[in-house]
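Worksheet: one structure, shown below.
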Amino acid sequence: MKSFRPTSKSRRHMTVLPFKQYLTTSEPYKPLTVGFKRDMGRNAFGRITVRHKGGGHKKLYRIIDFMYDKKDMIATVKTVEYDPFRTGYIGLVNYKDGTKRYVLLPKTMKVGNSFIVSEKAPIQTGNRLPLKNIPVGTFVYNIEIKPGSGAKLVRSAGSFAQVIANDASYTHIKMPSSEVRKVHESAWASVGAVSNEENRLVNIGKAGRSRWMGIRPTVRGTAQNPVDHPYGGGEQRQGRGLRRLKTRWGKPAGKGQKTRTPKKYSNVFIVARRQVGKKKVKATQ
């Protein structure tokens, strides 16, 4: 991590990633980029449905290949690049037939390294194969939820899941959240863990840097009026006055409370719910 001399209060604790050590180019491959108008937390009617989003630096979208439809063909990494829309590093890869694609890179993969998407691929970092062919105990990322749907799970910086069992056409995977989930054995996954594991150590340092990232300020519930929040009102500072945490809309939030939709379609695929709070700390030790 790169830190700075405390020339101001905001600089004192601010840290940034040492990109120069990892990235090989600063300009993206233009044919695989596209510009668009960002939603900024608004729905089709223009109404805010996700708060605290808006503004921020203009970003160019890199088209990432999460389908991996080029099978049984070696791909070589040509660049390691930054992507403003995700926390892991991406890389421009060149397939043997000359096709170029952007992919999400795993840890330890550098320029000149290669990988292959194949049912018979060896168990090496970056290679992609069906879950039924991956041994128990292997770390994986870029996991499909349904066979052929493209990678959906475990895509953020430094994250990985672990194959822990195979049973009745399903593979049991331990997710980064500690949840154990069943995924069909024909779904594909990549071997390894996502790059840029140091991302979790970054200290934003000042409010202005959050604004550059498109994150708007959050007002505490206790500082609001009673009409705006369950914690609001009262003279001067005081506690929330409620036994359990609530959202602005009165829904349960945080501290071990169950917030998952009771009748969600994917409940049948969850073998063990994620552990939260003190239980999770004990489980990781």
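The values are calculated or read from the model by the stated rules, or taken from the named source; none is laboratory data. Bear in mind that the values here come from a model prediction, so they are computed numbers and not experimental data. Every residue, glycine as well, gets a Cβ built from its backbone with ideal geometry; the counts of neighbours run over all protein chains shown.
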>> So the check is Cβ under 8 Å with 6+ separation or different chains; which pairs have a first residue in the range 249-266 that's at negative phi and a second one that's of a type in the set (G, A, S)?
In response: T259/A253
>> I'm trying to understand the selection: among the residues of the range 4-50, which are hydrophobic (A, V, I, L, M, F, W, C), touching a strand residue (DSSP E or B) at 6+ places or on another chain (Cβ under 7 Å) and over 21 Å from T87 (Cα atoms)?
In response: I48
>> I need the full set of residues from the range 184-242 which are under 30 Å from V140 (Cβ atoms) and either among the acidic types (D, E) or part of a helix (DSSP H, G or I) (or both), in order please.
In response: E185, E197, E198, N199, R200, L201
>> Can you tell me which residue is surrounded by the fewest Cβ atoms within 10 Å (Cβ to Cβ) among those in the range 19-43 that are touching a residue at least 24 places away in the same chain (Cβ under 8 Å) and assigned to a helix (DSSP H, G or I)?
In response: P31
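Of everything in the range 184-206 that's in contact (Cβ under 8 Å) with a residue 60 or more places away in the chain, touching a helix residue (DSSP H, G or I) at 6+ places or on another chain (Cβ under 8 Å) and among the hydrophobic types (A, V, I, L, M, F, W, C), which residue is farthest from H13 (Cα to Cα)?
W188
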>> Anything in the range 44-62 that is without any contact (Cβ under 8 Å) to a residue 12 or more places away in the chain and part of a loop (DSSP other than H, G, I, E, B)? List them, or say none.
In response: A44, F45, G46, R47, T49, V50, K58
>> I need the full set of residues from the range 73-89 which are surrounded by 17 or more Cβ atoms within 10 Å (Cβ to Cβ), assigned to a loop (DSSP other than H, G, I, E, B) and free of Cβ contacts under 8 Å to residues at least 40 places away in the same chain, in order please.
In response: D83
>> For the range 162-183, give me the residue count where each residue is out of contact with any helix residue (DSSP H, G or I) (no Cβ under 9 Å at 6 or more places or on another chain), at pLDDT 95 or above and either over 22 Å from V276 (Cα atoms) or small (G, A, S) (or both).
In response: 1
